[in-house]
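Values in this text are rule-based calculations from the coordinates and carry no lab data. Computed from a predicted structure; not experimentally measured. Here the Cβ is made from the backbone with ideal geometry for all residues, glycine too, and neighbour counts use every protein chain on show.
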Amino acid sequence: MNRQTSLLSLLMGSAAAAGLAWLVINRPPTNPNLATALLLLALAVTGLLAPLLSWLHRRIPFGGRPPSGRAALRQAALLGLAAVALVILHLRELLDGTLVLGVLALVVLVEVFVQSRREPA
């Protein structure tokens, strides 16, 4: 992930986080507002984590492969979807510590599967 993409990702994540904060503070909790809040949460988590994961891939090359910007973006999107799933479970009052670990383990397993299916460099 190059510098411009990282900056754009940070800008998108910050804008989504600001929009999410505005929505939570100023709007009543209706179903369309909840759907918008979940979408903004996914965008905020993805946008703010993608540059961090890209930096981490440059510092620690996993598996001896050269770092990939798409891998960092994919992992950030997976974590964004996991955050949305955890929020939905929390709103339904189904969330506990074991389920949090299960969702995070599922994210790790999906990423391991995708990495194992990738062709060698």
Report the calculated FRET efficiency for Asn33 and Val112 (r = Cβ-Cβ distance, R0 = 30 Å), to the nearest 0.05. 0.25
Determine which residues of the stretch 90-106 fall in the zone a paramagnetic label at Leu52 would reach in this model, i.e. backbone nitrogen under 16 Å from the point 7 Å along Cα→Cβ. 104
Across Ala44, Ala15, Ala35, the residue with the highest GNM fluctuation in the chain (Cα network, 10 Å cutoff) is Ala35
Only Cα pairs within less than 10 Å get springs; with that Gaussian network setup on the chain, which residue of Gly19, Gly80, Gly47 has the largest fluctuation? Gly19
Please provide three numbers in whole Å: the alpha-carbon extents of the chain along the principal axes, with the largest listed first. 50, 35, 20
Cα-based helix-to-principal-axis angle, 69-91 vs the chain, degrees rounded to 10: 30
Note down the magnitude of the dipole of the chain about its Cα centre, charges +1 on Lys and Arg C-beta and -1 on Asp and Glu C-beta and zero elsewhere, to the nearest 20 debye. 460
Tell me, Arg58, Arg117 in order of fewest to most beta-carbon neighbours within 10 Å? Arg117, Arg58
Grab the DSSP H runs of the chain that are 4 residues or longer, score each as -39,500 (n - 2.57), total them, divide by all residues and round the 222 nm result to the nearest 500 deg cm²/dmol. -28500 deg cm²/dmol
Rounded to the nearest 10, the angle in degrees between the Cα long axis of helix 31-59 and the longest principal axis of the Cα atoms of the chain comes to 20
Over the stretch 3-117, what is the relative contact order in whole percent, taking alpha-carbon pairs under 8 Å and six or more residues apart? 24
Between Leu94, Leu86, Leu49, where does the largest GNM mean-square fluctuation fall for the chain, given springs only between Cα atoms within less than 10 Å? Leu94
